[in-house]
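The values are calculated or read from the model by the stated rules, or taken from the named source; none is laboratory data. Quick caveat, the model's predicted, so the values are computed rather than measured. With ideal geometry, Cβ positions are generated from the backbone for all residues, glycine too; neighbour counts draw on all protein chains shown. Note: accessible area is taken over every heavy atom of the protein model, side chains too, but ligands, DNA and RNA are not part of it. Shrake-Rupley method; radii C 1.70, N 1.55, O 1.52, S 1.80 Å.
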Amino acid sequence: GGGGTAMHPAVRSRATIRTGPAPVPQPRTRRIRSLIDADALRVLHRAARVLLDELPDLTDRLLTTLREQEPAYRTALENDYTATWQEAHRSLRHSVASLLDPRGTREAAHRCTWRIGVNRAEQGLPLDALLHAYRVGGSLVWQRLVEETSRSAPEDVRLLVHVATDVWNFVDEHCSLVADAYRQAERQLAWRRENRVRLLAAALLDGTSRIADLPETAEGLALPEHGRYAVVAVACGRPPGPAGVRAAAVPAGTRAYWHSGVEVDYGIVLVGDEGDGADDQDPAEALDLPADGTAGGRVGVGSAVSGLAAVGDARRLADLALGICPPGGGTVRLTEHLPAALLVSCPELGTTLTEQVLGPLLRLEPADRDVLLDTLTAWFACDGSAQRAGEQLYCHRNTVLNRLRRCEQLTGRSLARPADVVEIGLALTARRVLRG
């Protein structure tokens, strides 16, 4: 085993050198590579200059291919041949010019591609078709470079292989760029469209829609211009938040558009055809809504109106219904609470009525006052039956009758007189619904 130690010093040192980098052949490899590149570029430039002179013919070839392979381009050429031709021509000119001067033309080529991506997104040409056009364009340029070199200097065709990567990198770079521009423009368009629809819906709910905007509004909201509509107003309580409350507020399968507000969301709900509900029940009553509200949410359902143009009225009616809703949550249909709605729509008169009818009773000591008000309220709820009111209040019917007599004395009104009963009933309702 002493072979290693007996090794000649010169051999050992040569072995050490060999494992390190070999400094001599490297520059030679680089020089050969750069000579090949220089030759390849010379061949590329010669062919590219010929291509620049025959750009119109190259453009025609590109559009013929696209017409055969891409229905979207067939339509584009039928609709605006000149603009499509000029777009293709401009793009090809930048592709070929970039082969001659990549650095000098890069910015202009990028600007051109970006503009094409944005324009085509705005026109709605599919992105797949656009990317296909760029790849077909790249293939055509490459094919013409090979054809031209084969014609003028067949022995140089093999050199083109060295620049193929540059050609295809250019195509890839511009495919990415046109896709970015297209998607960005598409996002902008979608945002603008959503914003426009939101503004149209807001005008509809405010009652400030222009008649001229109604067809566009109907299209944006995906609802017919002529139909019967109700507005559902939703004020959220605890979670599940707006989406959960909305889902519960309008039955599945109902056509509706939701408009989110700061405190209240409004659903514009299609409840039938224009002729519905003229003589029988209000079609809004057919909405199958949960009576208890939704997880603390308050829901107000207005009565139905005819046509999108009247949605502003429907929204005011829904607000009235929401105004009657108990703070703890629930669903109120306006058609079932019209007297209360009347009072909410004119709160000043409601307050005056309450004071005028119940004033002396309201000025009693709180405990006394509450007992009498609760008794009156129970008597109304039990359709004027002192017996049933007593059961509800856990006291004898005679106690109920005594308290009612006291109410009559304090208010100066008789529960045996229909007109007085109406006034007392409205005053109690006003006190309940005109909170605060």
Looking at (1) in contact with a Gly (Cβ under 9 Å, 6 or more places away or on another chain); (2) touching a residue at least 60 places away in the same chain (Cβ under 8 Å), find the lone condition where TRP168 falls short. (2)
Starting from segment 348-365, take each residue that is under 14 Å from LEU434 (Cα atoms) and list its partners that are open to solvent by 90 Å² or more (accessible area, probe 1.4 Å), counting only C-beta distances under 8 angstrom and pairs at least six apart or across chains. THR354/ARG431
Determine, yes or no, whether GLY253 is under 20 Å from the mean Cα position of the chain (by Cα), in the same structural domain as VAL311 (by the TED database), open to solvent by less than 40 Å² (accessible area, probe 1.4 Å) and modelled with pLDDT under 90. no
Of the numbered conditions (1) in the same structural domain as PRO102 (by the TED database); (2) closer than 30 Å to ASN119 by Cβ; (3) not small (Gly, Ala, Ser), GLU219 satisfies every one except a single condition; which is it? (1)
Taking segment 46-79, which residues are hydroxyl-bearing (Ser, Thr, Tyr) and within 21 Å of TRP142 (Cα to Cα)? THR59, THR64, THR65
Would you list the helices (runs of 4 or more DSSP H) that sit entirely within segment 320-393 and hold 1 or more residues that are charged (D, E, K, R)? 347-362, 366-381, 386-393
Select from segment 120-133 the residues that are free of Cβ contacts under 8 Å to residues at least 60 places away in the same chain and open to solvent by 30 Å² or more (accessible area, probe 1.4 Å) and list them in ascending order. GLN123, GLY124, PRO126, ASP128
Would segment 221-229 turn up any residue that is exposed (fewer than 13 other Cβ atoms within 10 Å of the Cβ) and within 29 Å of LEU127 (Cα to Cα)? yes
Out of segment 75-93, which residues are crowded, with 21+ Cβ neighbours inside 10 Å and either over 37 Å from the mean Cα position of the chain (by Cα) or not assigned by the TED database to the domain that holds VAL43 (or both)? LEU92
Scope segment 381-409; condition surrounded by fewer than 17 Cβ atoms within 10 Å (Cβ to Cβ) and in contact (Cβ under 8 Å) with a residue 40 or more places away in the chain; matching residues: none
Looking at segment 424-436, which of its residues are farther than 14 Å from HIS337 by Cβ and open to solvent by less than 60 Å² (accessible area, probe 1.4 Å)? ILE424, ALA427
Among the candidates GLN409, GLN387, residue that is touching a helix residue (DSSP H, G or I) at 6+ places or on another chain (Cβ under 8 Å) and either among the polar types (S, T, N, Q) or at pLDDT 95 or above (or both): GLN387
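Checking the structure you have, find out if any residue of segment 414-429 is in a helix (DSSP H, G or I) and in contact with a His (Cβ under 8 Å, 6 or more places away or on another chain).
no
Okay, residues lined up against (1) at pLDDT 95 or above; (2) at positive phi; (3) touching a strand residue (DSSP E or B) at 6+ places or on another chain (Cβ under 8 Å):
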{"site": "ALA295", "(1), (2), (3)": "no, yes, no"}
{"site": "GLY302", "(1), (2), (3)": "no, no, yes"}
{"site": "ASP319", "(1), (2), (3)": "no, no, yes"}
{"site": "VAL332", "(1), (2), (3)": "no, no, yes"}
{"site": "SER345", "(1), (2), (3)": "no, no, no"}
{"site": "LEU349", "(1), (2), (3)": "no, no, no"}
{"site": "THR352", "(1), (2), (3)": "no, no, no"}
{"site": "ALA367", "(1), (2), (3)": "no, no, no"}
{"site": "ASP370", "(1), (2), (3)": "no, no, no"}
Condition test on ALA72, is it in contact with a helix residue (DSSP H, G or I) (Cβ under 6 Å, 6 or more places away or on another chain) and open to solvent by 10 Å² or more (accessible area, probe 1.4 Å)? yes
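Residue by residue, here is whether (1) over 30 Å from GLY307 (Cβ atoms); (2) modelled with pLDDT under 95; (3) touching a Pro at 6+ places or on another chain (Cβ under 6 Å) holds:
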{"position": "LEU131", "(1), (2), (3)": "yes, no, no"}
{"position": "VAL163", "(1), (2), (3)": "yes, yes, no"}
{"position": "ALA181", "(1), (2), (3)": "yes, no, no"}
{"position": "LEU205", "(1), (2), (3)": "no, no, no"}
{"position": "VAL234", "(1), (2), (3)": "no, yes, no"}
The number of residues in segment 329-372 that are open to solvent by less than 10 Å² (accessible area, probe 1.4 Å), aliphatic (A, V, I, L, M) and closer than 24 Å to PRO418 by Cα is 6
Would you please list the contacts, defined by Cβ atoms under 8 Å and residues six or more apart or on different chains, that run from a residue in segment 182-203 that is within 19 Å of ALA218 (Cα to Cα) and open to solvent by less than 30 Å² (accessible area, probe 1.4 Å) to a residue that is acidic (Asp, Glu) and modelled with pLDDT under 95? LEU200/ASP213; LEU200/GLU216; ALA203/ASP213
Given the criteria open to solvent by 20 Å² or more (accessible area, probe 1.4 Å), acidic (Asp, Glu) and modelled with pLDDT under 95, does ASP101 qualify? yes
Could you tell me how many of the residues in segment 256-281 are open to solvent by 50 Å² or more (accessible area, probe 1.4 Å) and at pLDDT below 85? 9
